[in-house]
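Input: a single structure, listed below in structure tokens.
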Amino acid sequence: MGLNKRNRANPEFSLASLTDVIFLLLIFFMLTSTLVTQNALNLKLPGANNRLVASPKLAVSVKNTGEYFLGSRASNLQEIESYIKNHVVGNSDPKQTTVTILADKQCPIEYVVNVMDIANRLKVGAILATEPK
């Protein structure tokens, strides 16, 4: 008597398609994560007290008309950037360098952000000076 064996269904499944999907997702997230840039400024807001927080030798004053001053000398953004860059070259650790921004009370924020952007590009700290109450 010739009995035929039944073909049983094999409960295994292939993981090849699942690994393809995982690799595609991995590539997608790797590519999109490099397109995201962090635009955080290195800004420290000091409390309004009488203590001196940063060295005043790197102080940039900003008037409400958009005029920039290094000390008492009028200057533009390129001069400010080269001045800070020269000071950073003399310092061994740029993160220890801090630029103090003295902005007029009525100064538009865009003028302050220009100086903060320079500090961010040069990897130095930026402090916005306040008056004690």
So, of the residues in segment 57-82 that are surrounded by fewer than 13 Cβ atoms within 10 Å (Cβ to Cβ) and of a type in the set (Lys, Arg), which turns out to be nearest to Glu110 (Cα to Cα)? Arg73
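Name the single residue that is nearest to Leu58 (Cα to Cα) among those in segment 99-112 being surrounded by 15 or more Cβ atoms within 10 Å (Cβ to Cβ) and not hydroxyl-bearing (Ser, Thr, Tyr).
Val99
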For segment 83-98, check the following and say yes or no: at least one residue is surrounded by 12 or more Cβ atoms within 10 Å (Cβ to Cβ) and of a type in the set (Asp, Glu). no
Condition first: at pLDDT 85 or above and assigned to a loop (DSSP other than H, G, I, E, B). Now tell me which residues in segment 67-100 satisfy that. Glu67, Asn76
Here the residues within segment 101-114 that are hydrophobic (A, V, I, L, M, F, W, C) and in a helix (DSSP H, G or I) are Ile109, Val112, Val113
Taking segment 110-127 and the residues there that are among the hydrophobic types (A, V, I, L, M, F, W, C) and touching a Leu at 6+ places or on another chain (Cβ under 6 Å), the one that is nearest to Glu67 (Cα to Cα) would be Met116
Looking at Leu25, Leu31 in this structure, which one is loosely packed, with under 10 Cβ neighbours inside 10 Å and either over 30 Å from Gln106 (Cβ atoms) or at pLDDT 85 or above (or both)? Leu31
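The values are calculated or read from the model by the stated rules, or taken from the named source; none is laboratory data. Everything quoted here is computed from the prediction, not taken from an experiment. A quick note on method: Cβ atoms are made from the backbone with ideal geometry, for glycine too, and the neighbour counts reach across all protein chains shown.
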